[in-house]
Amino acid sequence: MAQQAGAATTEKRRPRVQEKVGIVVSNKMQKTIVVAVVSLKKHRIYKRTYKQTKHFYAHDEENVCQIGDTVRIRETRPLSKLKRWKLVKVLKLGSGIVPVEEVLAEVDPDLTAESTAESAEE
């Protein structure tokens, strides 16, 4: 009986791993995505709820994610300086459409500055 009790205490328990659901905000790196996870928090004094957005770097082995996809990520061992999460599943495909302002900013940053100056003058 002493052996059975000892075996139960030496049995390895798997650590609990966290999973989070978020939206892909960047996929410009190779095999890496940036996932924005929004959580609701309550202020400890004023009791008002507010949104907190946190970015997580996750490993995407097949480079399948696009901007706007809703994904599930799981905590894992450190894969690089910033990556501690791994892509589990793509829950919902996004439109894959990048906003016009971002495209213009990449092509010519001065072009967006001129258009905002013109609209301010009017």
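What follows is calculated from the coordinates using simple rules that are stated; it is not laboratory data. This structure is a prediction, so every number in the text was calculated from the model and none was measured. Every residue, glycine among them, receives a Cβ derived from its backbone with ideal geometry; neighbour counts consider all protein chains shown.
Annotations
- Of the chymotrypsin sites (Phe, Trp or Tyr not before Pro) found in region 9-90, those in coil by DSSP whose Cβ has at most 15 other Cβ atoms within 10 Å are Y46.
- Convex hull of alpha carbon positions in region 15-95: directionally averaged projected area 6.6 nm².
- Rounded to the nearest 20 debye, the dipole magnitude of region 15-95 is 640 debye, with +1 charges on Lys and Arg beta carbons, -1 on Asp and Glu beta carbons, and the Cα centre as origin.
- Residues in region 52-81 reached by a label modelled at L93 [backbone nitrogen below 16 Å; 7 Å Cα→Cβ]: 63-71
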